[in-house]
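Take a look at the structure below.
The values are calculated or read from the model by the stated rules, or taken from the named source; none is laboratory data. Predicted model, so just to flag it, every value in this text is computed and none were measured. Cβ placement follows ideal geometry from the backbone for every residue including glycine, while neighbour counts extend to all protein chains displayed.
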Amino acid sequence: MKIKLLICPWIFATEAGEECAIDSREREILMFLAVIIAWKGRKATNWLHYINNIFLFSKVANIALFLRADALVGIVYLLITLAITVIVPEPVYTGPEKVTYYQGSELFEELGKDRKSIFVIQFYTTWSPDCKHVTPVFAQLSERFSLPNLRFGKLDIGRWPKEAERFRVSAHPTSRQLPTICIFKDAKELKRRPIVNDKMRAVPFVFNEDNCIFEFDLLNVYKECLDRLSAKEKKEIESKKEK
């Protein structure tokens, strides 16, 4: 707003003869904002996550800038921002997916019953922003790779803490293990991301589609599962793809 010469004097108080313009400290804040957005952009799971980061950190920077220029204007902007965040929250993914949602010990029991299938499971919580950003990625993976013997599922470990302990995933509010995606074969865990190092710290992992396909070797897993299907099942899958 300080760039707009007509608007600037009405919002920001200036002394007589003082030019209403961006000062050096405000330039530093804006440069820091650009660096943060670029850094967070590398960790974004998709373009919606990237845009969300831009809006989030831009709001934080604007609050700092407004408070520095005029406390009253800063407080008004902060209240408006909080009201919009509460009234209009970030939309929840409602697109297509081939995911089974497990309750309680259902996942553990299903892994023991169906040893012929490979399971790709996302452990999540409803309150974690990172879990929300990974939801569309996991849904797209399920749509692309799901087979009768390659099954995608999710388990809310925030709701079922005993299952979090069973599968060794921390659901603590400060946990860096959310979300965690694991792949199971013959009721045994083959791989998980993020991994936990010797110091019991989660190694950061970017859950975009390409990374998940590469790290979990989904192309080869899909081929392996497809080869084990009967001719009839393969025809049904091909017919669904054509539709």
Exercise for the section: Report those helices (runs of 4 or more DSSP H) wholly inside segment 63-171 carrying at least 1 residues which are among the β-branched types (Val, Ile, Thr). Expected result: 71-87, 129-145
Exercise for the section: Might you let me know whether segment 148-157 holds any residue that is of a type in the set (D, E, K, R), within 17 Å of residue 100 (Cα to Cα), within 19 Å of the chain's Cα centre (by Cα) and assigned by TED's automatic domain parsing to the domain that holds residue 125? Expected result: yes
Exercise for the section: Hey, could you check segment 82-134 for residues that are under 22 Å from residue 159 (Cβ atoms) and polar (S, T, N, Q) and say which is surrounded by the most Cβ atoms within 10 Å (Cβ to Cβ)? Expected result: 122
Handout entry: Among residues of segment 71-109, those that are touching a Gly at 6+ places or on another chain (Cβ under 8 Å) and of a type in the set (A, V, I, L, M), counted
Key = 2
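Residue-wise test of (1) closer than 28 Å to residue 47 by Cβ; (2) in the same structural domain as residue 129 (by TED's automatic domain parsing); (3) of a type outside the set (S, T, N, Q).
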| residue | (1), (2), (3) |
| --- | --- |
| 159 | no, yes, yes |
| 195 | yes, yes, yes |
| 207 | yes, yes, yes |
| 230 | no, yes, no |
| 237 | no, yes, yes |
